[in-house]
Amino acid sequence: MDRNAAWTLLIEWTASENLRKHALAVEACMTAYARKFGEDEERWSVTALLHDFDYERYPDAPDHPLKGSEVLKDQGWPEDVRLAILGHADYTGVPRETLMAKSLFACDELAGFITACSLVRPDRIRSLEAKSVRKRMKDKAFARSVSREDITRGAEELGIPLDDHIVFCIDAMRARAAELGLEPAASAPVDAAPPTG
């Protein structure tokens, strides 16, 4: 179990560049939290990269992430990784009992929303602040597929004030802005938020 194996599996199952970038955005947030909490960064990285790997093949609930979890089980991926992935979708009924599972849930929707907020700004993520994200959260038409309730509940489950959680994730994603397609560039596309699962 390592990041390269997780990335290879993600690429094999996921053609969408936006979905790949979403996995990388969640990974940026997750590895930053792993560092903050003194946890295993590579394990958290793998969990982030694989959380939506089956989404293109099985986009409908409950197939995603249940079918992907079976693939991961057959390939020998650890149970705590699979349980965290299952727990990022409430409808699976799998409780988020570990810090890794709670972090994945907290980072998933927020990473997608931060991406959406960044893509409509001329300088992308460079000067994005929590207050701008919070303002966009009130606009129900903006990135409407992103659950504001999940963003708020994710921060609560982590025990971190929402604004602090937003700032932390912005900083984590800003550090990898080029890889995430969030650097200012005249040619950078302004499009909808990447799918989240």
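Remark: TYR91 falls outside the filter, which requires a residue to be among the hydroxyl-bearing types (Ser, Thr, Tyr) and without any contact (Cβ under 8 Å) to a residue 24 or more places away in the chain.
Here is a yes/no grid of residues against (1) among the polar types (S, T, N, Q); (2) touching a Phe, Trp or Tyr at 6+ places or on another chain (Cβ under 8 Å); (3) buried (at least 19 other Cβ atoms within 10 Å of the Cβ); (4) at pLDDT below 95:
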residue	(1), (2), (3), (4)
LEU9	no, yes, yes, no
TRP13	no, yes, no, no
LYS36	no, yes, no, no
GLU42	no, no, no, no
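In the range 31-53, the residues that are closer than 17 Å to GLU70 by Cβ reach residues that are buried (at least 16 other Cβ atoms within 10 Å of the Cβ) and acidic (Asp, Glu) with C-beta atoms within less than 7 angstrom, at least six apart or across chains, in these pairs: HIS51/ASP108. For the range 18-31, state whether one or more residues are assigned to a helix (DSSP H, G or I), surrounded by fewer than 16 Cβ atoms within 10 Å (Cβ to Cβ), among the basic types (Lys, Arg) and under 18 Å from the mean Cα position of the chain (by Cα). No, that holds for no residue. When the range 122-134 is filtered for residues that are charged (D, E, K, R), touching a helix residue (DSSP H, G or I) at 6+ places or on another chain (Cβ under 9 Å) and farther than 17 Å from ASN18 by Cβ, the ones remaining, listed by number, are ARG126, GLU129, LYS131, ARG134.
Apart from one condition, THR92 fits all of (1) closer than 15 Å to ALA48 by Cβ; (2) in contact with a Leu (Cβ under 7 Å, 6 or more places away or on another chain); the exception is (1). Just one of the listed residues (ASP123, ASP163) is among the charged types (D, E, K, R) and touching a residue at least 60 places away in the same chain (Cβ under 8 Å), namely ASP123.
What is the one condition in (1) within 13 Å of the chain's Cα centre (by Cα); (2) at pLDDT below 95 that PRO122 does not satisfy? All conditions are met except number (1). Based on this model, can you work out whether GLY154 counts as touching a Pro at 6+ places or on another chain (Cβ under 7 Å), surrounded by 16 or more Cβ atoms within 10 Å (Cβ to Cβ) and small (Gly, Ala, Ser)? Judged against the criteria, GLY154 is not a match. Is it the case that some residue within the range 97-117 is more than 24 Å from GLU41 (Cβ to Cβ), over 16 Å from the mean Cα position of the chain (by Cα) and touching a residue at least 60 places away in the same chain (Cβ under 8 Å)? No, because not a single residue in the range 97-117 is more than 24 Å from GLU41 (Cβ to Cβ), over 16 Å from the mean Cα position of the chain (by Cα) and touching a residue at least 60 places away in the same chain (Cβ under 8 Å).
The values are calculated or read from the model by the stated rules, or taken from the named source; none is laboratory data. Quantities reported herein were computed from a predicted structural model and do not represent experimental measurements. No Cβ is skipped: glycine too gets one built from the backbone with ideal geometry, and neighbour counts run over all protein chains shown.
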